[in-house]
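A quick write-up on the structure given underneath.
FYI, it's all coordinate maths here, none of it is from the lab. Bear in mind that the values here come from a model prediction, so they are computed numbers and not experimental data. Don't worry about glycine lacking a Cβ; one is built from the backbone with ideal geometry, like all the others, and counts go over all protein chains shown.
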Amino acid sequence: MIKEIISKIQKQLGLSKVGKDLFKLALPIIGAHLLHTAYNLTDMIWVGELGSHAVAAVGSAGFFINLGWALASVITVGVNVKIAHSIGAKNDKEAGRYAISGLWGIVFLATLFTSVLLIWPDRFIAFFEMKDIVVNEMATSYLIIAACGGILNFTNLFFIAVFNAHGKTKTSLKASFVGTSLNILLDPIFIFVLDLGVDGAAYATIIARTVSLSYFIFAFRKSSTIRFYNYWPYLDKILPTLKVGIPAAFQRISFALIYIVMARIIAEWGPTAIAVQKIGVQIEAFTFMATAGLMQAATITVGRHYGAKEMHMLPKVFKATWRMAFMVGVSTTLLFVLLPETLFSVFVPERESILMGKDYLYIIAISQLFMCLEMTAASIFHGVGKTSVPAVISVIFTSLRIPVAYVLGFYTFLSLNGVWWSISTTSIIKGVLLFLILKAYFRKNNLCFEKLFFFSRKTGEKLECED
């Protein structure tokens with residue numbers, strides 16, 4: 001039944017052989033990402049029953065938890081790409097050396113990050129300068145509990161990177177499914193039955209992540225292809241991993257920090273505005289997570305072709321990825337435009353929050369396709385190990401959101417909507433610019449780049465880069 005559905009989707013998209021292989025690899029990753037989104041949405045739905053103040057508390061603390069996810073990519077992105085290169089070159093021992101080195105690195109980062117959060121939790125929350133004492137107290141308490149699960153979160157992300165690099169994306173999906181299902185079950189029990197409020201959501205998440213990690217460890221012990229070579233890290237593998245991972249991590253960390261500053265600006269409109277932004281990001285995550293799944297699959301595929309020195313396959317991978325990302329972008333754009341109030345009413349009952357959220361989705365909808373284009377182009381650069389290219393573009397234009405949001409928000413009639421416009425317009429610029437840079441990269445390497453979107457110049461004309 002599932003195979004028939006997959007076959008029909010592939011036929012409707014008109015995918016080439018490269019596209020079909022990519023789709024099979026990407027589908028479990030997309031499923032895992034969407035489950036992660038469901039993970040967060042479940043928290044928002046149940047916490048939303050406590051009111052906008054509770055959502056603002058979880059949202060404020062959540063910025064720092066997301067910062068940890070970004071920091072983990074120093075290791076996870078590097079390990080994912082380098083293992084893919086090793087597999088493409090048919091060097092399993094080298095893949096194992098990258099894996100064990102990455103494990104040591106991820107544990108070190110997790111311990112460092114968790115320690116910092118636990119030492120100064122109140123100072124991190126105080127950054128937002130929220131006027132409501134109750135919201136500050138809830139946010140600080142939530143951050144402390146969530147930080148205690150930092151090592152679990154980092155290690156889960158590491159195993160996802162390793163299993164996906166080996167093409168075992170179904171294992172990642174199963175681990176996410178087990179954890180998400182448990183989280184959905186435990187949330188209402190901890191929040192309402194045990195009357196723990198927002199703290200209950202944090203406890204439920206920690207338990208769920210513990211179970212997901214246990215599943216990964218079990219799958220690792222049963223696997224005959226995924227191995228850690230030796231027990232100590234290899235210094236000659238750490239540097240290449242960091243070389244690939246640091247630019248990607250810098251991009252994600254910058255993104256998280258920029259959003260923390262953006263949240264500080266948004267806080268001027270009160271807790272309701274923060275809650276709307278937090279919920280809006282979770283809704284928009286459907287676009288981001290689905291495309292991120294495609295991006296990871298494309299990164300792994302490109303990495304293997306790069307390791308095998310099959311550069312001519314890169315334009316084919318991009319074209320196949322973009323076909324699927326385009327459909328994701330169109331679907332979510334229509335959803336945001338046609339059902340904005342319905343989407344927000346799922347999370348909060350207050351009419352003010354729903355109307356504010358409606359404006360958010362209308363404005364963000366314009367940039368969804370361009371965000372998909374940016375991520376698709378970035379996957380090619382990630383796959384060949386040139387993570388600095390998309391990182392530079394992202395950091396520059398995402399940083400511009402701060403001054404643009406400040407000017408449009410406080411000095412124009414747009415008010416809070418000006419903040420949303422700063423996000424949408426910069427996403428459009430990033431997508432267009434990174435695509436143009438990718439075309440230049442293909443041209444420099446004598447790779448076919450014409451008509452990368454869908455069709456050749458004439459009906460039936462077959463380009464050299466096509467299957």
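Protection proxy ranking, highest mean first, for peptides 433-439, 359-365: 359-365, 433-439, where packing is the per-residue count of other beta-carbon atoms within 10 Å, averaged. Coupling constants for the range 363-376 follow from the phi torsions by the Karplus curve (6.51 cos²θ - 1.76 cosθ + 1.60, θ = phi - 60°), and in residue order they are 6, 5, 4, 4, 9, 4, 5, 6, 5, 4, 5, 4, 5, 5 Hz; glycine and proline get x.
Of the residues 164, 135, 64, the one whose Cα sits farthest towards the positive end of the charge dipole of the chain is 164 (charges of +1 on Lys and Arg Cβ, -1 on Asp and Glu Cβ, taken about the Cα centre).
Here the Karplus relation 6.51 cos²θ - 1.76 cosθ + 1.60, evaluated at θ = phi - 60°, turns the backbone of the range 292-300 into coupling constants of 5, x, 5, 4, 5, 4, 5, 4, 5 Hz, with x for every Gly and Pro. Binning all Cα-Cα separations of the range 111-199 at 5 Å, short to long from zero, yields these whole-percent fractions: 3, 12, 15, 17, 17, 17, 11, 6, 2, 0. 3J(HN,Hα) along the range 31-47, derived from phi through the Karplus expression 6.51 cos²θ - 1.76 cosθ + 1.60 where θ = phi - 60°, amounts to x, 5, 5, 5, 5, 4, 5, 4, 3, 6, 5, 4, 4, 5, 5, 6, 5 Hz, with x in place of Gly and Pro. When the listed pairs 20/444; 90/222; 17/386; 90/319; 168/444; 82/430 are checked against a 24 Å cut-off, the alpha-carbon distance exceeds it for 20/444; 17/386; 90/319; 168/444; 82/430.
Three principal axis extents describe the C-alpha atoms of the chain; from largest down they are 62, 54, 44 Å.
One equal scatterer on each Cα of the range 298-356, no solvent, Debye formula: the resulting log10 I(q)/I(0) at q = 0.20, 0.28, 0.30 Å⁻¹ is -0.75, -1.03, -1.08.
Annotation: peptides 284-295, 367-378, ranked by per-residue average of other Cβ atoms within 10 Å with the highest first, follow the order 367-378, 284-295.
Note on the range 2-444: with charges restricted to the Cβ of Lys and Arg (+1) and Asp and Glu (-1), its dipole about the Cα centre is near 2600 debye. Overall, the range 103-246 carries a charge dipole of about 1020 debye about its Cα centre when +1 sits on the Cβ of Lys and Arg and -1 on the Cβ of Asp and Glu, all other atoms neutral. What is the sum of charges, Lys and Arg at +1 and Asp and Glu at -1, for the other residues whose Cβ falls under 13 Å from the Cβ of residue 157? Net charge in that neighbourhood comes out at +2. Summarising the label geometry, the points placed 7 Å from Cα in the beta-carbon direction at residue 231 and residue 126 lie 4.4 nm from one another. Dividing the summed helix terms, -39500 (n - 2.57) for each DSSP H run of n ≥ 4, by the number of residues in the chain produces a 222 nm estimate of -28000 deg cm²/dmol to the nearest 500. Taking Cα centroids, how far is the range 140-216 from the range 20-89 in Å? Value for the Cα centre distance between the two parts: 11 Å. Summing Lys and Arg as +1 and Asp and Glu as -1 over all other residues whose Cβ lies under 12 Å from the Cβ of residue 125 gives a net charge of -2. Taking the C-alpha atoms only, the angle from helix 416-444 to the longest principal axis of the chain is near 10 degrees. Compactness of the range 374-435 is given as radius of gyration and Dmax, 13.7, 45 Å, from Cα positions.
A cut-off of 5 Å between modelled amide H atoms, ignoring neighbours fewer than 5 places along the same chain, links residue 128 with no other residue.
The residue list 84, 365, 27 was ranked by how far each Cα lies along the charge dipole of the chain toward its positive end, using unit charges on Cβ atoms, and 84 comes out on top.
Tally Lys/Arg at +1 and Asp/Glu at -1 over every other residue whose Cβ is under 14 Å from the Cβ of residue 260; what's the total? Overall, the nearby charge balance is +4. Peptides 423-430, 117-124, 61-68, ordered by how many other C-beta atoms sit within 10 Å of their residues on average, highest first, read 61-68, 423-430, 117-124.
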